[in-house]
Each structure stands twice: as structure tokens, then as C-alpha cells.
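Each remark here refers to the structure printed beneath this line.
The values are calculated or read from the model by the stated rules, or taken from the named source; none is laboratory data. Owing to the predicted nature of the structure, the values given are computational and were not obtained by experimental measurement. For neighbour counting, all protein chains shown are included, and Cβ atoms are generated from backbone atoms with ideal geometry for every residue, glycine included.
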Amino acid sequence: MSDLHLKPIQPVDGAYNLPNYKAVYQEFSWNDVEKEFSWHQTGKVNMAYECIDRHVAEGYGDKIALHYVNGDEEQVFTFKDIQEKTDHLAAVLKKYGVKKGDIVFIFLPKGPECYLAMIAAIKLGAVAGPLFEAFMEEAVKDRIMDCEGRFLISDSELVKRVPRHELPSLETVFITEGPDKCRENEISLIKALEEVEPEKNSIEWLELDDRLNIHYTSGSTGKPKGIVHAHRAMIHQYQTGKWVLDIKEDDVYWCTAHPGWVTGTVYGIFAPWLNRATIVVNGGRFNADSWYSTIEKTGVTVWYSAPTAFRMLKAEGNEALEKYNLSSLRHILSVGEPLNPEVIVWGIETLGKRIHDTWWMTETGAQLIVNLPSEAIKPGSMGRPIPGIEVAVLDDNGIPLPNGQIGHLGIKASWPAIMREVWKNEEKYQSYFINGWYISGDLAVLDEDGYVFFQGRSDDMINSSGERIGPFEVESKLIEHEAVAEAGVIGKPDPVRGEIVKAFIVLKKGYTPSADLLENIRMFVKQKLAAHSAPREIEVLDELPKTKISGKILRRELKARETVKVEAR
Ligand code: WT7
């Protein structure tokens, strides 16, 4: 709460897309945005059209749409290039049976093919299901199995993590490379593109409520849930791209997230392309030099990343920073986890810019609470609701609490980008709502100016480096290990990653704890689920704290132990 007393940081004067927040908040209606889209005139809806083809039709075909950088490799695509390539790819997908409503999983590294595959699938009215490139076998299997995905676009490396024999629904697998890289029953896209004539106007016209994409996300219980968004989300995504990302004609925009995370899709593809921005895509892993050099090389003006990334850059010190000219940057944003005031101070001291925190969730489909470039930032606050959005801090019964009190962060339902459904789980979908409020699962405090201060989660969900990790998923994997009898998993506070995954385990009889055994257990989770889900710490206990009646593991108690240890330091 001490954060509430930090001094506000005033905006720098400039021509921003939303200069008068308070006035617009009073009068704004989402209906006003609809006239920005071609479907407002034509009645023909498709996100891919609004992102790409429309700009070509309006004379921007030669503008750079995508600038890819990976080490020394660079590739540049104009809007016309993307239009042609996605039309051609769509023709191939169509030939192999992809049609409206089919789920097309896309399991590719962060590179042009991933972005082309997303747009091509959406052109056909299919539901794009991007998977994070670090997912391992079980994580991939759970997702494809849950929604019975029929199609997959992958490459010869990542496809090795797709257990096809366990996925009867998965009929067709495309590989982005040549036939020499394909195994039996895999279709080479290079070959198929040679064989299939490019098709113009591959677009399937849809309704605003037709499905657009599916992102799996974790909660504190059960396996990840499939959050489905509809084409209608573009109204909200376009508008936040304009107001919050503040995109203008000459901007070069870089979102560092992979499309497998909702940020990488919504603010890595849709919002910037709806606003006709040039997007930067960087391949390869995080590394301060390559990140700074990407900014310099491509002339990034607007940059959207996450607190852990900023903290890692901060930890690298000024040596890396000083080698590069980052003067192109004009607007920096953050999302996914609490942005600590020290990071904001670092941004001002080293980059000479404020970092603008934003808040939203996979389920909300777009930003809801933000810091605008034209408004004061209160360090420690996620900002205020955008026009069109009403927030409140609620008690357990869904009744708004006075300012200054901690409660559940609720959003007045509904808004254009909100999830359309949770895949085949109406009960779960309904469980988000109470008294007409969407309950986020976050705890928050509101101040007298309407600024929202994040206070943690009301459940056991873990947020490590901005990645949402369900403890249940990790616990289930741990107890599959031959030596593990019981497991309780929590997020342990960490200065760089926000939280790290920490597991408490009870070993089966006959096993004794050793560094080797614990490393073996950690690798077991890493190789089956994903690196970010693997516990960075494992502690062996004789027994786990449990509820007396139902015998459920008390994660809260495990968490309390860690929090006390950190505070005692
Ligand atoms: C959860 C949602 C779609 C955004 C990326 C994460 C946490 C998100 C912030 C923020 C503190 C934040 C919340 C939220 N979170 N933004 N600015 N400050 N916490 O999406 O994976 O669906 O996770 O991330 O706890 O509920 P997600």
C-alpha cells in the first residue's frame, strides 16, 4: 500500500490519440467505433480482411506490414505481400479441407510463418489456436485434445512434441518446410504451395459473433481452459490500439510476446494491424543485446513488453544499453504482472521514457485498465479503465466497496472483446459472473482518482514472468513421477520473475531426497509440460498441510511460509 504514496509522473506534451480521457470517458459508446470498419458499410465481417486486405484496397499495399529480425537475418513483408501469401496459404488449407469453424492449431516459433498461418486460417473463417513454442508434449496434447483440433500447422522440430497417436481428432498436419523434412502423414506446405494455384479473395465472410481464436489459459484448478474470442473483439482491439498503444501512421511497433499468449495475438497481430502499423517480430530467445539491437535496427517507436523482461534488461546494466541508439522509442508499455515502481524509475533514468502499465486477461480479450500517454501515471497503479469500461472493487457478494478497501476486481459486463465462451464449459464461463460483474480473480484497491492498484490474486494461480501457470497442472505432473507421493505447488515471490514456481513434495517410501533426484523431478516436468511450468525450487516435506475435512492440500499455508521467509530477509 505504500505504493499509493509515490508521486505521480506527469505526461510529456504530445499529440496523442486520446488527449482528453475524462471527457471521452463521459460520452464514449462502443457503437461509435463500428463505423471505422469496412463491414459497417458492407455487412461482411472478417478480422483478417480488416488487418490486411483492407489496407491494400485502400492504397497501402506497399507499406511494410512485418519486419522480422533474428540475429543477422532480416525479412520484410508489405501488406500486399502478406495479402498474397495468406491468400495462397488459405487456398492450400482449403484444399485440404479447412473450413469455417474448424480449429487450426498453429505450433510454430516466433517467425513470419506463424503470423501468416494465423491470418490464413482466419481468412477461411477457421478458429486459430496458436500454441506457445515452449510447450512440451503433454501441454500440447491437453489443448488439442480438449477441443478436438483437426488441423495443425507446425515445423519439423516442434511437431516432434505432438503425440499424434494419442490425438485421434487430429486429421491433418502441415509442416512449413519441404517434403524432405516431413514424416509420414505430414503435408509439406512448400510443396503444397507449388501445387495449388494462388487464389484471390479467399476470405470467408462471417458474423461478428463467429469464433476467431482460442487461447488456453490456466486457473487454480483443473486443466487449462479454452478461451474463445469472436470477430467482434476487433472493435475493442482496434480502439485500444489507437488509444493505448497510441499507434499512428509512421509507427514501428514491437510486441515481444509470442502469439501463443493472448498478448502476442491481440497486441502482437490484431490491434497493430487493424491500425495499419508496421509490426516487428523478433525470433530467438531473450537477450539484452538482441533486443536493443532489434529496436535500433528496425526503428521501433512503440514497444509493448512485460515487467520481467524490463527487470532482466535492468539487471544487465547500462553496458549493453549504451552500445545502441534507442532514440526511435517514443512510447513504452507493459502488461502481464505487477510493474514495480523501480522499473518505472529505471525506464525514466535509462530510456528517458515512462513505462505505461496495462491490465487485462486472456478472458477479457483486450486491455481494460491502462495508463494513457496523455495522463499522469501513479507508480504502483495499473491505471484507470478505458472509456467504455466500468470497474469496481467488490466484496464477496459482488457489492461495490468504498475506495481504499481491498476486494475483488470486477468489470461491468459486457464489452466487445470479452470471451465468447469457455470451450465446452458453460459452467466455467458462468462462474466468472456475479450481479452483472465479471470477476477477474485479482484483488485490487481503487483510489479517489479512479486509479486501480493490484493486490494479488484471490486464488492460487501463479504468475511467473507474466506467464500464467496453474498449480494443479504442475502438481498433477509431479505426482506422475515415480518418486513423488504428493505435491503442492505455489508461486514464490521473486525479485526478477515476480514469482517462481515452487513445489513442496512428499517422497514415496524408499526414496531419499538428493540434489540429483530433485533435478530429475524438475526435468520430468520441464520435458513434459514446459520450461516455465517446471518448479525452480523443490522442497521435500514429511507431509503437506491439508484441510481436515476434505484432505485438500492447503496451498495457502505453503505460500504463507515462503512469504514470511522473504519478508524476514
Ligand atoms: C492475469 C491474466 C492478457 C494480459 C497478459 C496476461 C495478471 C495482467 C497485470 C498488470 C498486475 C497483471 C493478473 C491477471 N496481470 N496484467 N498490469 N499488473 N497483474 O494474461 O495470462 O490471462 O493473465 O495476469 O493477475 O488476472 P493472462
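Summary of computed values
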{"item": "Positions within region 514-569 being farther than 27 Å from ALA139 by Cα, under 28 Å from the mean Cα position of the chain (by Cα) and among the acidic types (Asp, Glu), in sequence order", "result": "GLU562"}
{"item": "Members of region 355-394 found to be assigned to a loop (DSSP other than H, G, I, E, B) and away from the ligand (no atom under 12 Å from the Cβ), listed by number", "result": "LEU372, PRO373, SER374, GLU375, ALA376, LYS378, PRO379, ILE386, PRO387, GLY388, ILE389, GLU390"}
{"item": "Hits in region 125-138 - residues which are closer than 20 Å to GLY222 by Cα and either touching a Cys at 6+ places or on another chain (Cβ under 7 Å) or surrounded by fewer than 24 Cβ atoms within 10 Å (Cβ to Cβ) (or both)", "result": "PHE132, PHE135, MET136, GLU137, GLU138"}
{"item": "Given (1) farther than 19 Å from ALA48 by Cα; (2) in contact with a Lys or Arg (Cβ under 9 Å, 6 or more places away or on another chain); (3) not in a helix (DSSP H, G or I); (4) not charged (D, E, K, R), index of the condition VAL140 fails", "result": "(3)"}
{"item": "Answer residue from region 1-29, given it is of a type in the set (D, E, K, R), exposed (fewer than 15 other Cβ atoms within 10 Å of the Cβ) and closer than 27 Å to GLY404 by Cβ and is modelled with the highest pLDDT among those", "result": "LYS22"}
{"item": "Test: residue in region 306-318 that is under 19 Å from GLU375 (Cβ atoms) and in contact with a Ser or Thr (Cβ under 9 Å, 6 or more places away or on another chain)", "result": "no"}
{"item": "Answer residue from region 446-501, given it is outside any strand (DSSP E or B) and among the hydroxyl-bearing types (Ser, Thr, Tyr) and is farthest from GLY398 (Cα to Cα) among those", "result": "SER476"}
{"item": "Of all residues making up region 408-443, the number that are among the aromatic types (Phe, Trp, Tyr) and in a loop (DSSP other than H, G, I, E, B)", "result": "3"}
{"item": "Residue in region 440-472 that is nearest to MET361 (Cα to Cα), counting only those that are away from the ligand (no atom under 11 Å from the Cβ) and charged (D, E, K, R)", "result": "ASP460"}
{"item": "Residue match in region 309-321 (condition: of a type outside the set (A, V, I, L, M), within 16 Å of the ligand (Cβ to nearest atom) and either farther than 21 Å from GLU249 by Cα or not in a helix (DSSP H, G or I) (or both))", "result": "yes"}
{"item": "Odd one out for LEU333 among (1) part of a helix (DSSP H, G or I); (2) within 14 Å of the ligand (Cβ to nearest atom)", "result": "(1)"}
{"item": "Complete set of residues in region 264-285 that are within 15 Å of the ligand (Cβ to nearest atom), surrounded by 24 or more Cβ atoms within 10 Å (Cβ to Cβ) and not aliphatic (A, V, I, L, M)", "result": "THR265, TYR267, GLY268, PHE270"}
